[in-house]
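Asks: Let me begin by handing over the structure; questions about it come next.
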Amino acid sequence: MGVLAHFSDALTPFHLLLALAGVVAGTVVGALPGLTATMAVAVLTPLTFGMPPQSALILLGAIYTGAIYGGCYAAILVNTPGTPSAIATTFDGWPMARRGDGDLALTIAVLASVTGGVVGVLLLLLLAPPLAQVALAFGPVEYFWLAVLGLTLISAISEASLLKGVLGCAIGLMISMVGTAIVGGDIRFTFESQALLGGVNLVAALVGIFCIPVVMDLVATPDAHLKVGQRLRGFRLAEAAGHAWTGRWNLLRSSVIGTLVGILPGAGGSIASLVAYAEARRTAREPASYGHGAPGGILASESANNATVGGGFVPTLVLGIPGTPPDAIILGALLVHGIRTGPNLFSAQSGIVYTFIFGLLVATLIMLPAGLLLGRYAFRTIIRVPKAVLAPAILLMTLIGTFAINNNIHDVWVMLALGAGAWLLGRAGITPAPVVLGVVLGPIAEQGFVQGWLIGSATGNVAGEFFGRPIALAIIGMILLTLLWPLIARRLQERREEQP
Amino acid sequence: MRRRAFAAALGVLAALGAGVAGPAQAYPESDLTYVIPFNAGGESDVTARLQEPAFREITGQGFIIQYLVGAGGATAWTQLNAMPADGSTIMGVNLPHLWLQPMQGKVGYQTDDIAIVRLFQLTPFALIVPGDSPIETVEQFIDEAKKAPGAITIGGTGTHSAPHVAQAFFDQAAGIKTTYIPFTGTAASTAALLGKQVRAQWAYPTVAVEQQDAVRMLAVAMEERHPLFPDVPTFKEKGFDFVDGAYRGVAVPKETPEDIKKKLSDIFGQINAQEAFAKNMREGGYVLIDVGYDEVGAFMAEGGEKYREIARLLGLVE
C-alpha cells in the first residue's frame, strides 16, 4: 500500500471523527489543572481496546496533542499551567489576560500549538529514524547541562530581584529532592513520613504553587479576576496571525526545539517549552517585554510543547523507548493490541504507523477550529462567572485534579501545603515561576549529574565526561551565551553608537 | 467550560474510582478493582490488561484497573490492608521489591503483611550488551571486568532494585567489580545502553525481544534456556548458580476470607493456562510460573532468606 493510501485511510469519516473527539476530550482534560495529558491518555486508553490498532493510535494521539494544547487555557486565564508543559505559557499568557488580552492570548496559543504540532509531526514523518539516533546520543551529562540551560531562565523570570529568583529556585530544588533518590536510594527530607517517601508529585506541586495563590488573591482582593474590554472582540484572529507572522522565526525555532527535546526520553514538554522560551527571550528585539505579556513568549512555549508530541513518537515508534510519559502509555496500549514496537515496527507495520502519523497530522489541524471555538467558550465563561463562584470552583477543581493524579489523598495535602507556602513566599516577593523551575528541573539535573559522575569515575575521566562531549559542549555554549548575552548586547550597542 | 469541565472531571473520577463489592457466594459477582502499583503502560499494567480477557472468559467479570503509583510500589503496598477485604479489591505485587523494601526500613509495610495469593510471572535477569559490542560471551565480560576493576558501567532500573540485586550478586559470584548506574526505568536504561552511555545492562529478555539485533544477551538467569533465545546460554551453564529475576503476582488485603483467596489463586492459575494469554506472554519474553496459594508461603520464606544475604551485599543491612 502506498503512502497516499495510508493518508486516505487517515481521512475516513471514522478516523476524522476519532481525531475530532480526541482533540476535544484532550483539550478539556488538559485545561483542568491537575489533570494532565498523561492522565487523559491513561483514562481513555481502555476505550481503544475494541478498535483496530491504527484507529486506537489516532484517538490516543489526538487526545494527547489536545491535552498538551488544552494546558494553555488554565495557564492564560488562571495563571495555573493545566499540564506541566504549559508552565512557560503562564509567564506571558497571564499578564496578557490580566490586561484584557486573554482572548488574543488564547488565539495566539492555538496558532502556535497547531504550528508546533504540525512541525513535530512532519519531522516524525520525514526524519524519524535518523532523529532517533539523537535520542541515543543524549547521555546523562547532556541531560544535566540541558537542565542547567533551563535553570538560566531564572534571570528572565525573576520579576523584581534576581536574588529572590535564585532563592525561589533553590526552594524548588529542595522540594524536588524530597523522597527516595532514584540514583543512590537515599531517603531525604521525608521527616519520617510514609507519604513523602515517593517524593512530591510534580503535578501536585504545580497546582499548589501556581493555583492556590491565585485563588487566595481572588478572595482577598476586590478587583475583577481579568480586565475585560467594553465588548467581546471575537477571536481577534487577524491580530493573532499578525503576531504569529512577526514571530515566525521564533515560532519555527521553538517548534524545532520542541521536537528535538521531545525526542529525548528523559525530558518532556515542560523542559521543551522552558528552553524554547529562554531562546525566544534571548533573541527577541525587546527581551524586557518578556514576562510582561509578550505574544512571543506564548508563541515559543505553546509551539514547543505541541511539537514534543510528534518528537516524542520518534523514539517511541523507532526504538520502542517512550519519549514522554503519555507515549509510555500508548506503547503499553500497542502491546495490548499485540503490536510489538522496536526497530522493525516501521518496516513490519508500516501501514499502521503511517496511517497513525497522518491521523496525528489531521488531528493537529483539527485543533485549529476546535481550539478557537473552545477557547472562546472558555474565555467567555471565565469572565462571566462571578468571583464568588469562580474561586470555589477553581479550588474544587484543584482538589479533584490533584487527588486524581494517583488516587492518593496525600497528594492533596502536599498540594495545599505547598500552595500555602507559595502564597507566603509571594508576600515576600518570591514568585511561583522560579520555584517551579527548580521543582521541574531539579530531578533531571541531579540524576544526570550523579550518573555522569559515576560513569566518569568508572572510566577515570570525570572532566572529560562533563566537558569533553560535543553535544554537552554545544549546550554549555548556549548556557554561556544566555548568561552573558546582556553584557554582549550592551557591548555591541556601545560599539554601534561609537561608529556613527 | 467550567460546567463541562466539572462534569468531565467527575466522569474521570468515576472511571477511576468505581468498583462495587460483591460477597463470596459465586465469587466474583462483579468486576474486580485491580490496583497496579506502577504507571499505566508499564509491564505490570500490560500484563493486567492482557489478563483481563482471560479473566472475563473464566468468570464473566472484568477488571477495573486503578493505578496507585509511588515509591517503587511501596505507596500501594502500604495501603493494601486498609482496602476492602471482601475479594472486591486485588493488587499486583512484585518481587524482589517486597523483600528488599522492608529491609531498607522506613516503608509502611512488612513483607509478611502482604497476602499474596499467587505468583504468575517471571522476568528472568539477563546480562545485556549493545549488539555491536566486542564482548560476546560471559567469559569475555568477566575477563574485561578483571582487567580494569570498576571500569565497566552497567545500567539498570533504580537503586536497591531487582537489576541492582543482579549486579551485586553476579559481581560477587564472578569475583569482579563493575559500576552500577541507576536509571529511572527500563526504557531509560535501555536507551542508555543503545546510545553506548553504559557498556552493559542488567535487565530482562523482554528488552531483547523489543530491541532484537540492536542488543546481545550474554546469558539469562534461568534453569533452562529461554525458548525465544535458544542460542543464549544460562548462567548455570556457565557455572554460576544464578536463577532469579523479577516476579509478578497478585495479593489481597490480609482479612480477605480464605475461600476467596483460594478461588482467586485458582482463577489466576487458569488465566496462565489459557493459550491466547500464554502465547502473548511468551512472545513478549515473559516466563509464566505457577506458584499457587499453598506454595506461596514456602516460596516467600525461602526467597526472604536469600534476599537477606543479598541485602547484606548491597549494604542495606548489617
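The values are calculated or read from the model by the stated rules, or taken from the named source; none is laboratory data. Predicted model only: the values in this text are computed from it and were never measured. Quick reminder, even Gly has a Cβ in these numbers, built from the backbone with ideal geometry, and neighbours come from all protein chains shown.
Asks: For segment B:294-318, how many residues meet the condition of being touching a residue at least 60 places away in the same chain (Cβ under 8 Å) and part of a loop (DSSP other than H, G, I, E, B)?
Replies: Counting residues in segment B:294-318 that are touching a residue at least 60 places away in the same chain (Cβ under 8 Å) and part of a loop (DSSP other than H, G, I, E, B) gives 3.
Asks: If you don't mind, another one. Output the number of the condition that A:ILE430 fails; it satisfies all remaining conditions of (1) of a type in the set (A, V, I, L, M); (2) under 24 Å from the mean Cα position of the chain (by Cα); (3) over 30 Å from B:GLN79 (Cα atoms); (4) within 14 Å of chain B (Cβ to nearest Cβ).
Replies: The failed condition is (4).
Asks: When both residues are 6+ apart or on different chains and their Cβ atoms are under 9 Å apart, which pairs have a first residue that lies in segment B:186-198 and is more than 7 Å from chain A (Cβ to nearest Cβ) and on the phi > 0 side of the Ramachandran plot, and a second that is not in a helix (DSSP H, G or I) and not β-branched (Val, Ile, Thr)?
Replies: The qualifying pairs are B:LYS196/A:GLY139; B:LYS196/B:PRO130; B:LYS196/B:SER133.
Okay, residues lined up against (1) free of Cβ contacts under 8 Å to residues at least 12 places away in the same chain; (2) on the phi < 0 side of the Ramachandran plot; (3) more than 11 Å from every other protein chain (Cβ to nearest Cβ); (4) surrounded by fewer than 24 Cβ atoms within 10 Å (Cβ to Cβ):
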residue	(1), (2), (3), (4)
B:ALA214	no, yes, no, yes
B:LEU228	no, yes, yes, yes
B:LYS262	no, yes, yes, yes
B:LYS279	yes, yes, no, yes
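Asks: Anything in segment B:131-145 that is in a helix (DSSP H, G or I) and either closer than 20 Å to B:GLY304 by Cα or within 14 Å of chain A (Cβ to nearest Cβ) (or both)? List them, or say none.
Replies: Once the filter is applied, which keeps residues that are in a helix (DSSP H, G or I) and either closer than 20 Å to B:GLY304 by Cα or within 14 Å of chain A (Cβ to nearest Cβ) (or both), segment B:131-145 yields B:GLU144, B:ALA145.
Asks: Is it fair to say A:GLY242 is out of contact with any helix residue (DSSP H, G or I) (no Cβ under 8 Å at 6 or more places or on another chain) and more than 14 Å from chain B (Cβ to nearest Cβ)?
Replies: Yes: the conditions hold for A:GLY242.
Asks: Still on this model: Restricting to segment B:146-178, count the residues that are in a helix (DSSP H, G or I) and among the β-branched types (Val, Ile, Thr).
Replies: Counting residues in segment B:146-178 that are in a helix (DSSP H, G or I) and among the β-branched types (Val, Ile, Thr) gives 1.
Asks: If we keep just the residues of segment B:283-293 that are surrounded by 15 or more Cβ atoms within 10 Å (Cβ to Cβ) and in a helix (DSSP H, G or I), which is nearest to the other protein chains (Cβ to nearest Cβ)?
Replies: B:GLY284
Asks: Which helices (runs of 4 or more DSSP H) sit wholly inside segment A:1-99 and have at least 1 residues that are within 14 Å of chain B (Cβ to nearest Cβ) and of a type in the set (Phe, Trp, Tyr)?
Replies: Per the criteria, A:53-78.
Asks: What are the residue pairs meeting all of these: first residue in segment B:18-44, first residue more than 11 Å from chain A (Cβ to nearest Cβ) and farther than 21 Å from B:GLU258 by Cβ, second residue assigned to a loop (DSSP other than H, G, I, E, B) and at pLDDT 90 or above, Cβ atoms under 6 Å, and 6 or more apart or on different chains?
Replies: If the second residue must be assigned to a loop (DSSP other than H, G, I, E, B) and at pLDDT 90 or above, the pairs left are B:VAL20/B:SER30; B:ASP31/B:GLN61; B:ASP31/B:GLY62.
Asks: Could you tell me whether any residue of segment A:291-312 is within 14 Å of another protein chain (Cβ to nearest Cβ), closer than 15 Å to A:TYR64 by Cα, surrounded by fewer than 24 Cβ atoms within 10 Å (Cβ to Cβ) and under 18 Å from the mean Cα position of the chain (by Cα)?
Replies: no
Asks: Next question. Condition first: more than 7 Å from every other protein chain (Cβ to nearest Cβ) and over 28 Å from the mean Cα position of the chain (by Cα). Now tell me which residues in segment B:146-161 satisfy that.
Replies: Passing the criteria: B:LYS146, B:LYS147, B:ALA148, B:PRO149.
A quick yes/no check of all residues on (1) in contact with a Gly (Cβ under 9 Å, 6 or more places away or on another chain); (2) closer than 18 Å to A:SER273 by Cα; (3) not aromatic (Phe, Trp, Tyr):
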| residue | (1), (2), (3) |
| --- | --- |
| A:LEU32 | yes, no, yes |
| A:THR45 | yes, no, yes |
| A:SER55 | yes, no, yes |
| A:ILE63 | yes, no, yes |
| A:GLY93 | yes, yes, yes |
| A:LEU104 | no, no, yes |
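Asks: So which of A:VAL121, A:VAL148, A:VAL178, A:VAL134 ends up being more than 14 Å from chain B (Cβ to nearest Cβ) and surrounded by fewer than 24 Cβ atoms within 10 Å (Cβ to Cβ)?
Replies: A:VAL148
Asks: On the given criteria, is A:THR283 under 15 Å from A:LEU111 (Cα atoms) and at pLDDT below 95?
Replies: Taking the combined requirement at face value, the residue does not satisfy it.
Asks: Filter the strands (runs of 3 or more DSSP E) completely within segment B:49-130 down to those with at least 1 residues that are away from every other protein chain (no Cβ under 13 Å) and at pLDDT 95 or above.
Replies: In segment B:49-130, B:89-95, B:115-124, B:126-130 are the strands (runs of 3 or more DSSP E) which contain 1 or more residues that are away from every other protein chain (no Cβ under 13 Å) and at pLDDT 95 or above.
Asks: Still on this structure: Can you name the residue in segment B:199-210 that is modelled with pLDDT of 90 or more and either in a helix (DSSP H, G or I) or more than 23 Å from B:LEU313 (Cβ to Cβ) (or both) and, of all such residues, is nearest to the other protein chains (Cβ to nearest Cβ)?
Replies: It comes out as B:VAL209.
Asks: Ok, one more. Does A:VAL261 satisfy the condition of being within 13 Å of the chain's Cα centre (by Cα) and either within 22 Å of A:ALA474 (Cβ to Cβ) or surrounded by fewer than 24 Cβ atoms within 10 Å (Cβ to Cβ) (or both)?
Replies: Here the answer is yes, as A:VAL261 does meet what is asked.
Asks: If you don't mind, there's one more thing I want to ask. So B:GLY92 passes all but one of these: (1) within 19 Å of the chain's Cα centre (by Cα); (2) of a type outside the set (Ser, Thr, Tyr); (3) surrounded by fewer than 19 Cβ atoms within 10 Å (Cβ to Cβ). Which condition number does it fail?
Replies: The one condition B:GLY92 does not meet is (3).
Asks: Conditions: (1) in a loop (DSSP other than H, G, I, E, B); (2) surrounded by fewer than 20 Cβ atoms within 10 Å (Cβ to Cβ). A:GLY266 meets all but one. Number of the miss?
Replies: (2)
Asks: In the set A:THR180, A:THR221, A:THR190, which member is among the hydroxyl-bearing types (Ser, Thr, Tyr) and touching a strand residue (DSSP E or B) at 6+ places or on another chain (Cβ under 6 Å)?
Replies: Matching residue, one of A:THR180, A:THR221, A:THR190: A:THR180.
Asks: Moving on to the next point. When both residues are 6+ apart or on different chains and their Cβ atoms are under 6 Å apart, which pairs have a first residue that lies in segment A:136-162 and is closer than 15 Å to A:LEU484 by Cα and outside any loop (DSSP other than H, G, I, E, B), and a second that is modelled with pLDDT under 95 and among the basic types (Lys, Arg)?
Replies: Here the result reads A:ALA156/A:ARG281, each pair linking segment A:136-162 to a residue that is modelled with pLDDT under 95 and among the basic types (Lys, Arg).
Asks: Further, regarding this structure: For segment A:194-252, give me the residue count where each residue is of a type in the set (Ser, Thr, Tyr), over 27 Å from A:SER303 (Cβ atoms) and either within 20 Å of the chain's Cα centre (by Cα) or part of a helix (DSSP H, G or I) (or both).
Replies: Of the residues in segment A:194-252, 0 are of a type in the set (Ser, Thr, Tyr), over 27 Å from A:SER303 (Cβ atoms) and either within 20 Å of the chain's Cα centre (by Cα) or part of a helix (DSSP H, G or I) (or both).
Asks: Let me ask you something else. Please work out if B:MET83 is in contact with a helix residue (DSSP H, G or I) (Cβ under 7 Å, 6 or more places away or on another chain), touching a residue at least 12 places away in the same chain (Cβ under 8 Å) and not acidic (Asp, Glu).
Replies: For B:MET83, the condition - in contact with a helix residue (DSSP H, G or I) (Cβ under 7 Å, 6 or more places away or on another chain), touching a residue at least 12 places away in the same chain (Cβ under 8 Å) and not acidic (Asp, Glu) - is not met.
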